[in-house]
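Okay, structure first, notes after.
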Amino acid sequence: MPEKMEGIRIEIPSRYKVNIDREKCKICKRCTINCTFDTLSFNGERIVADHDNCVACQRCSAKCPQEAITIIDNQMAFPFHAAYDERIRRIGWEQASTGGVMLASCGNDLPYPSIFDDLVLDAAQVTNPAIDPLREPIETKCFLGAKPAKLEFTETGDEITLKTNLPPNIELSTPIMVGQMSLGSISYNAQIALFKAALEVGTLVGTGEGGLHPDFYKYGKIINSEVASGRFGVDANYLKKVAALEIKIGQGAKPGHGGHLPGEKTSKLISETRMIPKGTDALSPYPHHDIYSIEDLQQLIFALKEATRYRVPVGVKIAAVHNSAAIASGMVRAGADFITLDGFRGGTGATPRIIRDHAGIPIELAIATVDQRLREEGIRHKTTLCAGGSIRYSADLVKALALGADVAMICTPVLIAMGCRVCQQCHRGTCAWGIATQNPAYSQRLNIEVGARRIANLFHAWTEELREICGAMGIDSVESFIGNRDRLRYVGPNPKIADIMDVKHAGEAWG
Ligand code: SF4
Ligand code: SF4
């Protein structure tokens, strides 16, 4: 067991410096109220800063009416060393002081190369003319759920009717959904903003593993609810309300890991949502204790379909790992109407830093290999392939679709749309912008209507840009673009990556 002793904490240089322009500062104290990290205070004479506490969330600087505050990097506190850089030294000091596992949030921030950035798109010229999206329709609609292998019809006189029983499918106006974020990891106001935006856009929002608060049952038709190893909040009444169910086996930010919401964060609101007593720890085990094989997974999918009377699609989510393609094949054969792959840059409210930064694989590789394997096995139509974990902006969305995803799942981009500054302190529960906090005083800083408007705007902007790129490639329907890897070319340094994704190098022609 790690032991603590007097004086053991190493004095680590502050990462940022809060620079207050004394000429401009009128000592209105607004910054001291806005800082949620105990950095700024009034000493009876002037505003003073405890630089060690600053996380560069920028709340003080944004709210200062005099523009008197600037946050600067304290780089010179760390003499240069290419191997033992600032990050490595901080980890060593922190662990020598605490003897414990370091927690982190947001996504993996190590400078691994982005494969999306090494891919370029084709454009139509001469023989395959481009389409002007302002003058001609380009369809972005898609459907979440299994599709039949073929359609059968009956003909009676002039009347033709569909004979095939269609599995449950959800119509999405655009191939983008909000991924899984629980009430607990994000605030009440942030969750309502997501629901309102999704209603306007015509898409789904994941509830994360925390269940669904009864206040939100009215949003059920746009909710993709998670069934995680802790089974928090899962009961027959709630299952009747939602549009889709997603069994979480793994998550990109913490492959092979469970979850832990400490008792002090289990407020009345969270206890009602997770259906656990107030003040108790919410521990979700690393594995599902009833799933040790594909057959076990099949049992749970079957149970959830029975419980929802085959009304909703039931999906399964895994972290993108080395063997994703084989696992995905098993998931589809087990009856998953949709499968979600979560890449190693996916966000989270809290996870051990070592897992966030070093486990899992890039989403680009997982999408391409899973799509290819399901096509080869003739079962691609039996599932909708969703992908998340570092789909940062519309260009990544387009490339993810071309690699083989039907739908992108996004989380960090919607947090950014709500005003997140990516300070990576979500696990501390004191988000100064009211997004990743359960403190009602901070949560109310996020205006629900403004938050919803911004998220809806982001979806509209991505969808418009998707139309633009489809038009430039001469494609009039996003569905015919899915898995069209021949419209991508690789420009990165490692041809092996292109081989794995089955993407040609730039300069190679079609065929
Ligand atoms: S933590 Fe945020 S609000 Fe506090 S001083 Fe730093 S940037 Fe300003
Ligand atoms: S949600 Fe809040 S705490 Fe988390 S990264 Fe964004 S601004 Fe920081």
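The values are calculated or read from the model by the stated rules, or taken from the named source; none is laboratory data. In this text the structure is predicted, and so the values were computed from the model without any measurement. Every residue, glycine as well, gets a Cβ built from its backbone with ideal geometry; the counts of neighbours run over all protein chains shown.
Quick notes on this one:
- Just so you know, in segment 290-317 the residues that are in contact (Cβ under 8 Å) with a residue 60 or more places away in the chain, touching a helix residue (DSSP H, G or I) at 6+ places or on another chain (Cβ under 6 Å) and of a type in the set (A, V, I, L, M, F, W, C) include one that is nearest to Ser225 (Cα to Cα), and it is Val314.
- Strands (runs of 3 or more DSSP E) fully within segment 321-438 that include at least 3 residues being surrounded by fewer than 24 Cβ atoms within 10 Å (Cβ to Cβ), among the hydroxyl-bearing types (Ser, Thr, Tyr) and within 16 Å of ligand 2 (Cβ to nearest atom): none found.
- If you check Ile186, Ile247, Ile223, Ile294 for being more than 16 Å from ligand 2 (Cβ to nearest atom), over 16 Å from Val312 (Cβ atoms) and not acidic (Asp, Glu), only one passes: Ile294.
- Listed by first and then second residue, the pairs with beta-carbon distance under 9 Å, at least 6 apart or on different chains, first residue in segment 432-454 and farther than 13 Å from Thr36 by Cβ, second more than 12 Å from ligand 2 (Cβ to nearest atom) and among the basic types (Lys, Arg), are Ile448/Lys196; Glu449/Lys196; Gly451/Lys196; Ala452/Lys196; Arg453/Lys196.
- Failed condition for Thr161, given (1) among the hydroxyl-bearing types (Ser, Thr, Tyr); (2) assigned to a loop (DSSP other than H, G, I, E, B); (3) over 24 Å from Arg375 (Cβ atoms): (2)
- Some residue of segment 36-48 being under 24 Å from Gly434 (Cβ atoms) and more than 14 Å from ligand 1 (Cβ to nearest atom): no
- Verdict on Lys29 being under 22 Å from Gly434 (Cα atoms), more than 16 Å from ligand 2 (Cβ to nearest atom) and not β-branched (Val, Ile, Thr): yes
- Among the residues of segment 55-77, those identified as of a type in the set (A, V, I, L, M, F, W, C), within 12 Å of ligand 1 (Cβ to nearest atom) and out of contact with any strand residue (DSSP E or B) (no Cβ under 8 Å at 6 or more places or on another chain) are Cys57, Ala62, Cys64.
- Count of residues meeting criterion [modelled with pLDDT of 95 or more and β-branched (Val, Ile, Thr)] in segment 339-353: 2
- Only one of the numbered conditions (1) over 30 Å from Arg375 (Cβ atoms); (2) at pLDDT below 95 is violated by Gly451, and that is (2).
- Enumeration of residues in segment 32-42 that are in contact with a Lys or Arg (Cβ under 7 Å, 6 or more places away or on another chain) and away from ligand 2 (no atom under 16 Å from the Cβ): Phe42
- Counted as qualifying within segment 2-114 are the helices (runs of 4 or more DSSP H) with 2 or more residues that are at pLDDT below 95, namely 86-98.
- Options Lys265, Lys221, Lys254: the member that is in contact (Cβ under 8 Å) with a residue 12 or more places away in the chain, charged (D, E, K, R) and over 20 Å from Ile192 (Cα atoms): Lys254
- Verdict on Glu479 being over 19 Å from the mean Cα position of the chain (by Cα), among the acidic types (Asp, Glu), at pLDDT 95 or above and surrounded by fewer than 21 Cβ atoms within 10 Å (Cβ to Cβ): no
- Thr383 satisfies every condition listed in (1) touching a Leu at 6+ places or on another chain (Cβ under 8 Å); (2) hydroxyl-bearing (Ser, Thr, Tyr); (3) closer than 22 Å to Asp122 by Cα except (3).
- Pick from segment 43-55, criterion crowded, with 18+ Cβ neighbours inside 10 Å and in contact (Cβ under 8 Å) with a residue 40 or more places away in the chain, ranking: nearest to ligand 2 (Cβ to nearest atom): Val55
- Residues considered: Glu200, Glu171. Of these, the only one that is acidic (Asp, Glu), surrounded by 15 or more Cβ atoms within 10 Å (Cβ to Cβ) and either in a strand (DSSP E or B) or at pLDDT 95 or above (or both) is Glu200.
- Out of Arg9, Arg15, sole residue that is closer than 30 Å to Lys254 by Cβ and either within 13 Å of ligand 1 (Cβ to nearest atom) or surrounded by 14 or more Cβ atoms within 10 Å (Cβ to Cβ) (or both): Arg15
- Of note, Ala408 does not satisfy the criterion of being in contact with a Lys or Arg (Cβ under 6 Å, 6 or more places away or on another chain) and within 21 Å of Ala253 (Cβ to Cβ).
- Contact map, segment 63-83: residues that are over 16 Å from Ala49 (Cβ atoms) paired with residues that are within 16 Å of ligand 2 (Cβ to nearest atom) and at pLDDT 95 or above, Cβ distance under 8 Å, separation 6+ or inter-chain. Pairs shown: Glu67/Ser61.
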